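See structure below.
Since every read-out is calculated from the coordinates, none of them should be taken as a lab result. This one's a predicted model, so the numbers in the text were calculated from it and none came from an experiment. Every residue, glycine as well, gets a Cβ built from its backbone with ideal geometry; the counts of neighbours run over all protein chains shown.
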């Protein structure tokens with residue numbers, strides 16, 4: 001199975017901060033990488049697919065980049081509603097696998 | 001706007017079979033653009049993908065659970081289902097059903113993209129004697 005490793009596991013940030021989360025795959029996955037946001041007690045929500053394509057309705061402050069094994073999710077100016085856990089997921093090879101999640105907390 | 005809703009028993013005893021149904025509304029489960037999938041999340045942990053089924057009944061299961069998992073689809077009811085046999089406490093989790101969007105590649109030499117674009121709210125399943 002392809003292992004997905006996110007860093008950091010958690011971070012503290014303030015409203016307005018630029019936040020970057022990294023996801024690394026244990027082998028190359030081209031751009032078959034998706035990002036999800038999950039708030040406590042809620043289902044995950046798709047943010048970005050194919051590494052850099054913003055899902056319809058997702059604010060433009062979210063962006064994704066990367067290919068191969070290294071990917072990033074960037075929030076350009078953190079808003080209060082962005083405090084959540086973020087998950088990366090590869091769809092290059094089955095079984096599809098997720099990272100362990102990155103929790104973004106209020107500083 | 002598609003909506004997915006899980007239903008099924010929330011409390012099981014060890015060795016029983018977990019049975020969950022996902023009811024899809026606002027869209028047809030028979031659409032060829034989508035697969036239908038199950039994902040679970042252990043308490044305080046990340047997400048684990050269980051497997052998918054498509055409108056034709058083709059399935060793929062995560063090898064870690066393959067020997068215990070069965071999925072099915074009922075187009076007449078716009079539902080798909082999950083069965084997980086011989087449950088233990090390790091199967092205690094929130095179970096999500098979700099829709100898989102199949103983004104067909106326009107490049108002859110590239111594969112399709114798959115992503116989970118709609119999710120149910122989740123069903124808590126607890127296994128305890």
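Some observations on this one:
- DSSP-defined beta bridges in chain B - what % are antiparallel, rounded to 5: 95 percent
- Expressed in units of 2.2 N^0.38 Å, where N is the residue count, the Cα radius of gyration of chain A is 0.99.
- Label point at residue B:102 placed 7 Å out along Cα→Cβ; residues across the stretch B:1-32 whose backbone nitrogen lies under 12 Å: B:30-32
- For the protein assembly as shown, DSSP calls about 95 percent of its internal beta bridges antiparallel.
- Percent of alpha-carbon pairs separated by more than 26 Å within the protein assembly as shown: 37 percent
- DSSP bridge orientation in chain A - percent antiparallel, rounded to nearest 5: 90 percent
- Computed over chain A: relative contact order in percent, which uses C-alpha pairs under 8 Å that are six or more apart: 39 percent
- Using a Förster distance of 25 Å, the FRET efficiency for residue A:24-residue A:107 (Cβ separation, nearest 0.05): 0.50
- Along principal axes, Cα extents of the stretch B:23-129, largest first, whole Å: 51, 33, 25
- Per-residue shielding of B:50-58, expressed as the average number of other chain Cβ atoms within 10 Å of the residue Cβ, stands at 1.
- Put in line by how crowded their Cβ is, counting other Cβ atoms within 10 Å and starting with the fewest, B:40, B:68, A:80 read A:80, B:68, B:40.
- Legend: mean number of C-beta atoms from other chains within 10 angstrom of residue C-beta atoms, peptide A:94-102, equals 6.
- Mean-position separation - Cα centroids, the stretch A:32-70 and the stretch B:81-129, in angstrom: 17 Å
- Per residue of A:49-59, other chain Cβ atoms within 10 Å of the residue Cβ number 2 on average.
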